[in-house]
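Colleague: Before anything else, here's the structure in question.
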Amino acid sequence: MTHVPSAFQPKEMRSPRPSLRRLALLGATGSIGRQVCDLVERHPERFALHALIAGTDAAALEAVARRHPEAHALLANPGGTDAGRAARAIEEAICDPDVDMVVVAAAGAAALAPTLSALDAGKDIALATKEVLVMAGELVRDRMRRHGSQIFPIDSEHSAIWQCLWGEKERAIRRLILTGSGGPFLRRPLETLETVTIAEALAHPRWKMGPKITIDSATMMNKGLEVIEAHFLFDVPYADIDVIVHPESVVHSMVEFVDGSVKAQLGVPDMHLPISVALGFPERLEGITPAPDLAALGRLTFEALDMVRYPALALAREAGQRGGTAPAVLNAANEEAVALFLKGQRRFVEIVPSVREAVERAEPNQELTLETVIAADHWARAQVRTSAGGSSRVRSKLPA
Ligand SMILES: NC(=O)c1ccc[n+]([C@@H]2O[C@H](COP(=O)([O-])OP(=O)(O)OC[C@H]3O[C@@H](n4cnc5c(N)ncnc54)[C@H](OP(=O)(O)O)[C@@H]3O)[C@@H](O)[C@H]2O)c1
């Protein structure tokens with residue numbers, strides 16, 4: 001039977017009126033980060049920024065910080081400075097008693113350590129970076145339970161499921177149905193995928209997002225990562241999480257209940273909406289996006305996922321089911337393969353085989369700690385870097 005963790009039950013409100021929520025924002029200069037800043041600017045009565053944190057781009061961070069002079073601005077990788085010192089400053093900023101919520105929207109694996117620190121400090125998390133749950137879902141759940149913190153999903157599919165579950169009983173859930181647009185290559189003849197260019201893979205038909213998630217949407221690895229994310233967020237077995245293709249991206253996901261009812265959440269494809277649900281919970285904020293005009297849309301279509309076109313999905317399920325550090329291997333191998341593709345050093349069709357090779361070669365460690373996850377992450381990256389897009393020359397095994 002499936003369970004909705006207590007993290008998704010509304011916390012008792014501290015005051016009858018919504019109060020100011022002070023945010024530390026990881027990934028402040030990215031696609032999600034900039035939309036979080038928009039919301040803060042539109043709702044100064046609800047949100048204030050305590051810290052703005054980015055990776056390496058000092059000029060971009062400075063541009064955001066100029067609009068929010070009240071916030072501390074920090075880089076995780078400031079050139080020339082001791083990286084340990086930067087990490088400590090970030091930890092201090094996100095664990096500050098003044099921070100009510102940490103918004104995690106930093107690219108990929110880099111978000112894991114600060115997220116664990118925030119959970120240890122008892123902070124609530126608004127989570128965009130699905131990679132955190134993919135790499136270390138059990139660790140994250142364990143820290144949440146231990147410190148009484150909550151996770152509010154930002155990913156549009158998980159926000160949709162979360163909203164469908166409000167007011168429902170755990171035992172009433174039969175399955176979760178994640179929708180995916182199919183990305184830019186839904187109708188492209190399979191034999192022409194060999195020649196996909198970086199620009200073609202970055203041209204998502206519905207969503208404007210950062211480069212890594214856009215490539216993941218083209219391979220549908222994004223949906224595979226989301227299946228693992230949903231498994232950990234909602235405590236639903238993999239067998240009860242399905243994926244369906246929905247090219248219009250208006251139905252953001254669904255929940256099927258034991259009586260045969262299906263609830264769906266609809267909205268225009270604009271991340272401001274799920275971000276506002278996570279940041280504003282339990283209130284809904286006024287006028288975030290226009291509602292979808294269903295008469296103008298005319299029809300919403302759904303189709304079964306083509307497993308030949310999108311082999312990443314079965315691969316992600318397999319890694320999820322193997323458990324331990326297997327999903328961390330999947331995630332790191334994918335991050336590395338996508339980075340190589342974006343540098344022009346791998347072909348599009350080589351991304352998923354590179355990841356498969358690393359996952360199949362790995363001997364996952366079932367003991368999940370930050371150290372075993374990081375070891376698995378480094379091992380998988382090295383595998384992909386030294387492989388030739390599916391035919392690895394490296395024979396070393398994942399360290400136990
Ligand atoms: N974009 C979307 O619509 C969307 C939707 C659903 C989920 N998500 C998820 O949200 C996350 C962010 O996606 P995105 O599209 O916003 O990515 P993005 O546009 O590439 O932005 C990534 C951000 O992370 C920062 N960053 C990199 N390393 C960091 C570190 N060590 N510490 C703190 N910040 C760091 C980057 O700063 P620098 O540029 O300085 O390195 C940048 O601000 C991803 O996990 C993605 O899957 C995104």
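Colleague: Here is a check on your reading of the model: is residue 99 part of a helix (DSSP H, G or I) and either free of Cβ contacts under 8 Å to residues at least 12 places away in the same chain or more than 21 Å from residue 371 (Cα to Cα) (or both)? Spell out the reasoning first.
Modeller: Working: part of a helix (DSSP H, G or I): no; either free of Cβ contacts under 8 Å to residues at least 12 places away in the same chain or more than 21 Å from residue 371 (Cα to Cα) (or both): yes.
Here the answer is no, as residue 99 does not meet what is asked.
Colleague: A further question follows. Considering only region 66-83, state which residues are away from the ligand (no atom under 12 Å from the Cβ), outside any loop (DSSP other than H, G, I, E, B) and either among the acidic types (Asp, Glu) or farther than 27 Å from residue 284 by Cα (or both). Working first, answer last.
Modeller: To start, the set of residues in region 66-83 that are away from the ligand (no atom under 12 Å from the Cβ) comprises 66-72, 80-82.
Pick out the ones that are also outside any loop (DSSP other than H, G, I, E, B) and you get 66-67, 72.
The answer is 66, 72.
Colleague: Further question on the same structure: Please work out which residue is farthest from the ligand (Cβ to nearest atom), limiting yourself to region 219-241 and to residues that are aliphatic (A, V, I, L, M) and in a helix (DSSP H, G or I).
Modeller: First pass over region 219-241, keeping only residues aliphatic (A, V, I, L, M): 220-221, 225, 227-228, 230, 233, 236, 239, 241.
Imposing the further condition that a residue be in a helix (DSSP H, G or I) reduces the set to 221, 225, 227-228, 230, 233, 239.
Numbers: 221: 10, 225: 7, 227: 14, 228: 12, 230: 13, 233: 13, 239: 24 Å.
The residue in question is 239.
Colleague: Does residue 285 satisfy the condition of being crowded, with 16+ Cβ neighbours inside 10 Å, among the hydrophobic types (A, V, I, L, M, F, W, C), part of a helix (DSSP H, G or I) and outside the structural domain of residue 46 (by TED's automatic domain parsing)?
Modeller: No; evaluated as a whole, the condition is false for this residue.
Colleague: Residues 43, 50: which one is surrounded by 12 or more Cβ atoms within 10 Å (Cβ to Cβ), more than 24 Å from the chain's Cα centre (by Cα) and either under 17 Å from residue 101 (Cβ atoms) or more than 9 Å from the ligand (Cβ to nearest atom) (or both)?
Modeller: Result of the check over 43, 50: 43.
Colleague: Assess whether residue 245 counts as being more than 16 Å from the ligand (Cβ to nearest atom), outside the structural domain of residue 108 (by TED's automatic domain parsing) and surrounded by fewer than 23 Cβ atoms within 10 Å (Cβ to Cβ).
Modeller: The answer is yes for residue 245.
Colleague: Consider residue 253 against the criteria (1) more than 11 Å from the ligand (Cβ to nearest atom); (2) in a helix (DSSP H, G or I); (3) surrounded by 24 or more Cβ atoms within 10 Å (Cβ to Cβ): it satisfies all of them except one. Which criterion is unmet?
Modeller: All conditions pass for residue 253, except number (2).
Colleague: For the list (1) surrounded by fewer than 23 Cβ atoms within 10 Å (Cβ to Cβ); (2) at pLDDT 95 or above; (3) over 19 Å from residue 273 (Cβ atoms), I need the number of the one condition that residue 35 fails.
Modeller: (3)
Colleague: Name every residue in region 302-330 that is within 24 Å of residue 200 (Cβ to Cβ) and either buried (at least 20 other Cβ atoms within 10 Å of the Cβ) or of a type in the set (Asp, Glu) (or both), in order of residue number.
Modeller: 303, 306, 310, 312, 313, 315, 316 - these are the residues of region 302-330 that are within 24 Å of residue 200 (Cβ to Cβ) and either buried (at least 20 other Cβ atoms within 10 Å of the Cβ) or of a type in the set (Asp, Glu) (or both).
Colleague: Among the residues of region 156-178, which ones are outside any helix (DSSP H, G or I), open to solvent by 10 Å² or more (accessible area, probe 1.4 Å) and within 15 Å of the ligand (Cβ to nearest atom)?
Modeller: First, pick out the residues of region 156-178 that are outside any helix (DSSP H, G or I): 166-169, 173-178.
Still in the running and open to solvent by 10 Å² or more (accessible area, probe 1.4 Å): 166-169, 174-175, 177.
None; the set is empty.
Colleague: Against the conditions (1) more than 30 Å from residue 54 (Cβ to Cβ); (2) surrounded by fewer than 18 Cβ atoms within 10 Å (Cβ to Cβ), where does residue 197 fall short? Just the number, please.
Modeller: The one condition residue 197 does not meet is (1).
Colleague: Now for a different question. Could you grab me the full set of residues in region 288-333 that are of a type in the set (A, V, I, L, M), more than 15 Å from residue 245 (Cα to Cα), out of contact with any helix residue (DSSP H, G or I) (no Cβ under 6 Å at 6 or more places or on another chain) and not in a helix (DSSP H, G or I)?
Modeller: Once the filter is applied, which keeps residues that are of a type in the set (A, V, I, L, M), more than 15 Å from residue 245 (Cα to Cα), out of contact with any helix residue (DSSP H, G or I) (no Cβ under 6 Å at 6 or more places or on another chain) and not in a helix (DSSP H, G or I), region 288-333 yields only 291.
Colleague: Select from region 203-218 the residues that are more than 10 Å from the ligand (Cβ to nearest atom) and open to solvent by 10 Å² or more (accessible area, probe 1.4 Å) and list them in ascending order.
Modeller: 203, 205, 206
The values are calculated or read from the model by the stated rules, or taken from the named source; none is laboratory data. Given the structure is predicted, the values throughout are model-derived calculations rather than measurements. Ideal geometry is used to build each Cβ from the backbone, glycine not excepted, and the neighbour counts take in all protein chains shown. We work out accessible area using only protein heavy atoms, side chains counted, and drop any ligands, DNA or RNA first. Shrake-Rupley method; radii C 1.70, N 1.55, O 1.52, S 1.80 Å.
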